[in-house]
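One structure is given below, encoded as structure tokens.
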Amino acid sequence: MTRIYPPRPREVSPSARDLRAELNEEQYAAASHGTGPLLVIAGAGTGKTRTLVYRVAHLIDTGVPPERILLLTFTRRAAQEMLSRAERLVGSATARVQGGTFHSVGHRTLRRFGAAGGLPPDFTIMDQGDAEDLMQLSRAALGYAQKSKRFPKKETLHSIYSSHINTERAIEEILYQDFPRFVDYADDVTRIFADYTARKSDRNLVDYDDLLLFWALLLEQSPDLATRIAGQYDHILVDEYQDTNLLQARVLRGMCRDHRNLTVVGDDAQSIYSFRGANFRNILEFPQQFPGARLVTLEQNYRSTQPILDVTNTLISRAEERFTKNLWTARVGGDKPWLVTARDEQQQTRFVVDRVLELHEQGTPLREIAVLFRAGYMSADLEIELTNRKIPFEKWGGLKFLEAAHVKDVLAFLRVADNPRDEVSWYRIFMLMPGIGDVTARAMIQSMAERAWDPDAFTHFVPPPRARDAHQNLSRLLRVLRRAGDDGAALAEQIDAIRQLYDDILRERYDRPDPRLADLDQLRTISAGYPSRAAFLAALALDPPSSTQDLATGASESEDDALILSTAHSSKGKEWDAVFVIWAVDGWFPLARAAESEDELEEERRLMYVAMTRARNHLAVSYPLNVYSSRRSMDYSMDQLSRFIDRGVREQMERVVLGDDDKPDATAPPPVPESPIDLRALLLGRFSRGSGGSGAGGAGSTGSPGGTDDPAVR
Ligand code: ATP
Ligand code: MG
């Protein structure tokens, strides 16, 4: 299937010259690489993403039809950004490049080719919450709901299932390694998974993992189909390859079976998604997986000043094993990163806000400043202060708009209209309606199943007297939804119709209905951008908006200037002029639960590395000394600086201790000079710390393909 494109007639294209001028030698070698597998493995800020953008431009420039290039990125936003940068190089043809996340491309593939594998094309995609609910139905149907308390809950079951699919480990092995207390339940768990799988198939539901798994299976099971699916593209490029999992590697092998034109770029030192089944072995083993692969490494960093690199190089040099080397930069000057000690959270907040305003007054746009933290809830105090002081901000990651109960409620109505077999959504709707309880709800579902889920099955059900009104109202609404035309305008009308019924329910349920009603207004607004109900539902499940701004416009970044607040996970691949990493407290970053496992600690270290390497010119890492935490059933405790900021790292930072007036305290005793040993750390190290953090976190869950956070800590 290899295609050979005749070179264009002109001698030297202008962009070929640009390529040489705007890339260093190694970057250029990668961007202009011909055919066959290519691996670019290099540290943060060395221009991997930039090289990929230029490679897309180069391919188009040498005659590869843009629609035959597939660009796989970690978020939809990343693909959009890269393509708009490529557009500046080679023009509007880049609009035809196919791009997106693995899950969204899997989705497109299944809609188009799934029927050949017995998958009706009008399937509904379940998000993680739906999948857990369906797992609960299986668990209950098989009689495990009553079982001893120690039996895995629906979230755990889903996480085991997802881990099994994505990491290809046996169920017994997962139980043994990750959930030893459930190790005796392997058979029961397997039975539940069988039921879950059958339920998905009966109801034409597809979970996130299926999007990858079925894609891989289509490629592996039928040579004809594989030829057609893989034959759509001549070149495949993947950014952030260190965060792919084995299933994604399998998909790539299938997609590149004929041409082997695969370019992957990544940094093993930034692999931060193993809780979603990612395995950085993928990148290290790429040369074995794709024999003959060309390897390009990059060591010059173009993002950060040398003092910032000194700190981040030291931080990552403590990592257990890594491939990528220390980085250097040609940029001279720059201040040492600050290590800021605050008395408590409030003082840390005031420090960040004052410093942000100071930088802003000196000319840095707010959008060029980011505050990063380990988990979504850690910015609560800062968000309040920013709101009070009328400083606009956007929050990335940890956003729960689509997970909010009221939004899911409204979507459930649309979903049963779209797929009458969507049992999970039916159950959700029934439990909302006054007069319908669990028994009636189950009876209704049972009767619809008996009528093979025909769209009128619900109307034919004869409800008990208490539920009569609810049944009548719902039947009426469903008729309206089913009759509605299928376009964007009709979608807004459908949401209005649902709200005629639902808004009263919402007002009954919540003491403060207004912000929730506003969310529903927003849902209606974004629905206008979609051609059909099915497209809207699929887009929400696959590419959940990753910032409040995404919600408002449906587009990526807005023009408005706003400070960025982001989880460390969601900051991946980005850069800002100034970066604050807050809550650098042991038990918070790293999270307490990570302390139990070497592997998790290593991943937290890489996450800290990702956070700190986002900074171009200014970096401040802060930690409050006194932490009030209701999580710990104690009042105040003295906390310790994150273990990642060890002595060697601290030595390269500027110590700042905040005084009573929130200014660096000149009269305070100077920060303790670095001593050869750290007595307190030695003593503390003898006790396992159970402080802070988010409590238990389920490992192995794949989370949402569009969201980018550790679900355990959102
Ligand atoms: P990360 O590992 O964080 O994803 P990366 O390796 O993908 O980083 P990029 O984001 O591509 O790095 O590049 C970092 C910054 O350096 C960007 O602002 C980019 O434009 C700039 N840069 C990279 N290479 C060059 C170059 N040859 N000349 C000028 N600027 C460059
Ligand atoms: Mg990058």
Review point. Can you work out D for segment 334-380 in µm² s⁻¹ from Stokes-Einstein, where Rh is the Kirkwood radius over C-alpha pairs, the temperature is 25 °C and the viscosity is 0.890 mPa s?
Key: 202
Check your understanding: For q = 0.09, 0.12, 0.14, 0.21 Å⁻¹, what log10 I(q)/I(0) does segment 271-392 give under the Debye formula with an equal point scatterer on each alpha carbon and no solvent?
Key -> -0.43, -0.73, -0.92, -1.29
Exercise for review: Give the long-range amide H neighbours of R294: residues separated by 5 or more places, or on another chain, with amide H under 5 Å away, using H modelled in the peptide plane at 1.01 Å from N.
Suggested key: L38, L39
Point to revise | Computed E for R257/D661 - FRET, C-beta separation, R0 60 angstrom, nearest 0.05 | key: 0.35
Point to revise | Under 5 Å, built H, 5+ apart or other chain: amide partners of V238 | key: L72, T263, V264, V265
Exercise for review: Order by neighbour count: V105, V439, V581, fewest other Cβ atoms within 10 Å first, most last.
Suggested key: V439, V105, V581
Study note, to complete from the structure: Each label sits 7 Å from Cα toward the beta-carbon; between A170 and V183 the label points are separated, in nm, by 1.4
Check your understanding: Summing +1 for each Lys or Arg and -1 for each Asp or Glu, what net charge is found among the other residues whose Cβ lies under 12 Å from the Cβ of A230?
Key -> +1
Practice item. Multiply the residue separation of S532 and A140 by 0.36 nm, subtract the distance between their alpha-carbon atoms, and state the gained length in nm to one decimal. Key: 137.7 nm
Review point. Which of E596, E603 comes first, and how do the rest follow, when ranked by fewest Cβ neighbours within 10 Å?
Key: E596, E603
Review point. Between Y377 and D646, how many nm apart are label points set 7 Å from Cα along the C-beta direction?
Key: 3.0
Practice item. Report the extension gain between D486 and E385 in nm, rounded to one decimal, defined as 0.36 nm multiplied by the number of residues separating them, less their alpha carbon distance. Key: 32.0 nm
Exercise for review: Would you mind checking K395/K663; K153/K390; K154/K325; K325/K663; K200/K572 for any pair whose Cα atoms are more than 31 angstrom apart?
Suggested key: K153/K390; K154/K325; K325/K663; K200/K572
Point to revise | Approximate spin-label separation T227-D504, in nm, with each point projected 7 Å along Cα-to-Cβ | key: 6.2
Review point. Each residue of segment 425-434 in turn: what ³J(HN,Hα) in whole Hz from Karplus with 6.51, -1.76, 1.60 and θ = phi - 60°, glycine and Pro shown as x?
Key: 5, 4, 4, 4, 5, 4, 5, 7, 7, x
**Study point:** Per principal axis, descending, Cα span of segment 401-546 in whole Å
**Key:** 41, 35, 23
Practice item. Compute the FRET efficiency between N626 and R111 as 1/(1 + (r/R0)^6), taking r as their Cβ-Cβ distance and R0 = 51 Å, and round to the nearest 0.05. Key: 0.40
Study note, to complete from the structure: With x for Gly and Pro, the residue-by-residue ³J(HN,Hα) of segment 373-380, computed from phi through the Karplus equation 6.51 cos²θ - 1.76 cosθ + 1.60 at θ = phi - 60° and given in whole Hz, is 8, 6, 9, x, 6, 6, 9, 4
Exercise for review: Mind sorting R483, R374, R77 by how few other Cβ atoms lie within 10 Å of their own Cβ, fewest first?
Suggested key: R483, R77, R374
Study note, to complete from the structure: Semi-axes in Å, largest first, for segment 125-203 (Cα gyration tensor, √(5λ)) are 18, 15, 11
Point to revise | Volume in Å³ per residue [convex hull over Cα atoms, computed for segment 49-143] | key: 121
Review point. What shape does segment 73-219 take by its C-alpha gyration tensor, where a ≥ b ≥ c are the square roots of the eigenvalues and a/c under 1.5 counts as rounded, a/b above b/c as prolate, and the rest as oblate?
Key: prolate
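Throughout, read-outs are computed from the coordinates displayed, never taken from laboratory work. These numbers come from a predicted model, not from an experiment. Note: ideal-geometry Cβ built from the backbone for every residue, glycine included; neighbour counts use all protein chains shown.
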